[in-house]
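Only one structure is covered here, and it is reproduced in the block below.
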C-alpha cells in the first residue's frame, strides 16, 4: 500500500470580504509514503490563480506565500497535470489518497471543473484523515495543529504551506494506521 498525502493552499480573504467563498488553489503539496509510512518522494508546486490573481494581505500573512510565488507559477491546468503525472508514475495498484478533511479533494474537483480539466482521481480511494482521527481517538474533529498537539507531535516547518501540512498529516496517518 502506498499513500499520497496531499494538502492545498488557496486564495483566501478576511471574513467580511465578498470573495471569501471563492477559493483557487495556489499551492499543491504532496508526500508519497510507502507501506511502512516512510517518505519516498514529494511534490510541491505553486499555482497562478486565474480569477483573482492578486493575493490578499490576509492570504499572504496566513500562508507566507507571496505574490511573486504565484506570479511566477503556471496555471492550475498545467500544475494539476504535473501532479497527476507524478501520481501516475507511482505503482498505483494499492494507492490511497489522504488529506486532512474533505476540503482539499473537493477543491481539486472545483478547480478541475472551472478549468475544464479531467479530475482523474476518482479511481483512487480517498481517506479524510480528520474524520478517521476523530473516530480512532474518540474526540471531536479538529484542525491539523490541534491533532498534532493531541498526538505529542511538534509542527515542523511553516503552517498553512501545502508541503509542510502534507508532511505533518503524514505523521498523523502513521499513528492512525499503526
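The values are calculated or read from the model by the stated rules, or taken from the named source; none is laboratory data. Remember, predicted model here, so these are calculated numbers, not experimental data. Using ideal geometry, Cβ is built from the backbone for each residue, glycine included, and neighbour counts are taken over all protein chains shown.
What to note about this one:
- Residues that are modelled with pLDDT under 95, part of a loop (DSSP other than H, G, I, E, B) and under 18 Å from the mean Cα position of the chain (by Cα), drawn from segment 1-11: none
- Single condition residue 137 does not satisfy, out of (1) surrounded by 13 or more Cβ atoms within 10 Å (Cβ to Cβ); (2) closer than 28 Å to residue 50 by Cα: (2)
- Tally of residues being touching a residue at least 12 places away in the same chain (Cβ under 8 Å), more than 21 Å from residue 69 (Cα to Cα) and in a loop (DSSP other than H, G, I, E, B) across segment 20-34: 1
- Residue 153 being assigned to a loop (DSSP other than H, G, I, E, B), touching a helix residue (DSSP H, G or I) at 6+ places or on another chain (Cβ under 6 Å), surrounded by fewer than 20 Cβ atoms within 10 Å (Cβ to Cβ) and touching a residue at least 60 places away in the same chain (Cβ under 8 Å): no
- Test: residue 98 is surrounded by 14 or more Cβ atoms within 10 Å (Cβ to Cβ), in contact with a strand residue (DSSP E or B) (Cβ under 9 Å, 6 or more places away or on another chain) and either at pLDDT 95 or above or in a strand (DSSP E or B) (or both): yes
- For segment 55-68, the set of residues classified as assigned to a loop (DSSP other than H, G, I, E, B) and touching a residue at least 12 places away in the same chain (Cβ under 8 Å) consists of 55, 56, 64, 65, listed by residue number.
- Some residue of segment 123-146 being in contact with a strand residue (DSSP E or B) (Cβ under 7 Å, 6 or more places away or on another chain) and part of a helix (DSSP H, G or I): yes
- So residue 163, is it within 19 Å of residue 9 (Cα to Cα), under 17 Å from the mean Cα position of the chain (by Cα), surrounded by fewer than 17 Cβ atoms within 10 Å (Cβ to Cβ) and touching a residue at least 60 places away in the same chain (Cβ under 8 Å): no
- Within the option set 43, 37, 52, being part of a loop (DSSP other than H, G, I, E, B) and under 18 Å from the mean Cα position of the chain (by Cα) holds for one residue only, 37.
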